[in-house]
Amino acid sequence: SGSTGLPKGVVIPHHGLVNFTEWLQREYRLSMDDRMLHKSLITFDASVIELLWPLTTGAGVVLAKAGGQPDPRYLAELLVAEAVTVVHFVPSMLDVFVEEPAVARCRGLRWIMCGGEALSESLVSRVTELFGTPVHNTYGPTETTVFLSACQALPGEGVPIGLPVANTRLYVLDSALRPVPPGVAGELYAAGTGLARGYGGRPALTAERFVACPFESGERM
């Protein structure tokens, strides 16, 4: 997590990864005919989507060459040559990717998943028009297992953060940790299986940010 300007590691439990990958499969259903592009660094949580998920379902994994991730032409040619069917992009890279002329030949994609940054409605419209394939928006801070919520983003309907993943709860609370009425701004809190154990080697910061959940005895958020 880089929210402080300095990197800090979070400890994700194994059961959080199991819960997350099982939810992904129930929602998106990779088959043995699917091929996912793996281009993220292994230290980036998107690698769970690109590597662990397909390997737990029998789908294929296409490995991008080292240093190939920021090259949209290379990625477009790889998608075509290796018959890639599913991809994950951060929105800023997807924005650059769709400007590459070679992308017009990428016609085998079943859907595109985005996360890590805010996804704009204009980018959703461009991608949907170009590929004719669904775009799914994902949301979640580093202090959780990859992401907390997801939905299909539809052109002309804004880009919401969607519904929580399995065994995850989201609360919008005021400064006293009370739920706010619908339409009232508040702070978003997360609880459940997807929550990290805390910051690695940072017990004081963990105690400050991971607070007791007032809605479930013995749980944190």
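The values are calculated or read from the model by the stated rules, or taken from the named source; none is laboratory data. What you see is a predicted model; the values in this text were computed from it and never measured. Ideal geometry is used to build each Cβ from the backbone, glycine not excepted, and the neighbour counts take in all protein chains shown. The accessibility values were calculated without ligands, DNA or RNA, using every heavy atom of the protein model including side chains. Shrake-Rupley method; radii C 1.70, N 1.55, O 1.52, S 1.80 Å.
A few notes on this one:
For (1) over 19 Å from Val48 (Cα atoms); (2) at pLDDT 95 or above, each residue gets a yes or a no:
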{"residue": "Thr168", "(1), (2)": "no, yes"}
{"residue": "Ala191", "(1), (2)": "yes, yes"}
{"residue": "Leu205", "(1), (2)": "yes, no"}
{"residue": "Phe210", "(1), (2)": "yes, yes"}
{"residue": "Pro214", "(1), (2)": "yes, yes"}
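- Scanning the range 186-219 for residues that are without any contact (Cβ under 8 Å) to a residue 12 or more places away in the chain and in a helix (DSSP H, G or I) gives Pro203, Ala204, Thr206, Ala207, Glu208.
- So Thr133, is it part of a loop (DSSP other than H, G, I, E, B) and either surrounded by fewer than 18 Cβ atoms within 10 Å (Cβ to Cβ) or not aliphatic (A, V, I, L, M) (or both): yes
- Residue within the range 143-150 that is of a type outside the set (Asp, Glu), in contact (Cβ under 8 Å) with a residue 24 or more places away in the chain and in a strand (DSSP E or B) present: yes
- Selection of the range 175-185 for residues being assigned to a loop (DSSP other than H, G, I, E, B) and either open to solvent by 40 Å² or more (accessible area, probe 1.4 Å) or on the phi > 0 side of the Ramachandran plot (or both) yields Ser175, Ala176, Leu177, Arg178, Pro181, Pro182, Gly183, Val184, Ala185.
- Odd one out for Thr138, checked against (1) touching a residue at least 24 places away in the same chain (Cβ under 8 Å); (2) out of contact with any strand residue (DSSP E or B) (no Cβ under 8 Å at 6 or more places or on another chain): (2)
- Some residue of the range 151-173 being open to solvent by less than 40 Å² (accessible area, probe 1.4 Å) and part of a helix (DSSP H, G or I): no
- Residue match in the range 119-127 (condition: part of a loop (DSSP other than H, G, I, E, B) and open to solvent by 10 Å² or more (accessible area, probe 1.4 Å)): yes
- Hits in the range 186-220 - residues which are of a type in the set (A, V, I, L, M) and open to solvent by 50 Å² or more (accessible area, probe 1.4 Å): Leu188, Ala204, Ala207, Ala212
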